[in-house]
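Participant: Provided herewith is a single structure, encoded as structure tokens, for subsequent inquiry.
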Amino acid sequence: MDGKARISFDDIRERAYELWERHHRPEGFEIEFWLLAERELRNERARRSRADERVASGADQD
């Protein structure tokens, strides 16, 4: 998987909603939760990509 692949609108929307609910549904923070969700998803994808690269290069082998 390419680390630069797009994160879908639906993925961000779902994560933002989860974050909003987890923070007791505050009003007026839609943009903040959207941006936080997008950042979390990008970071997760980058970590997964780095882990995949280590596995592919044999770095995790004993």
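Participant: Could you tell me which residue of the stretch 35-62 is modelled with the lowest pLDDT, considering only residues that are among the aliphatic types (A, V, I, L, M) and open to solvent by less than 80 Å² (accessible area, probe 1.4 Å)?
Facilitator: Ranking the qualifying residues of the stretch 35-62, first place goes to Ala59.
Participant: Out of all the residues in the stretch 26-62, which are in a loop (DSSP other than H, G, I, E, B) and either closer than 19 Å to Asp10 by Cα or in contact with a His (Cβ under 8 Å, 6 or more places away or on another chain) (or both)? Before the answer, list the steps.
Facilitator: Here is the first cut: in the stretch 26-62, the ones in a loop (DSSP other than H, G, I, E, B) are 26-29, 58-62.
Result: Phe29, single match.
The values are calculated or read from the model by the stated rules, or taken from the named source; none is laboratory data. The structure displayed is predicted, hence computed values, not measured ones. Every residue, glycine among them, receives a Cβ derived from its backbone with ideal geometry; neighbour counts consider all protein chains shown. The accessibility values were calculated without ligands, DNA or RNA, using every heavy atom of the protein model including side chains. Shrake-Rupley method; radii C 1.70, N 1.55, O 1.52, S 1.80 Å.
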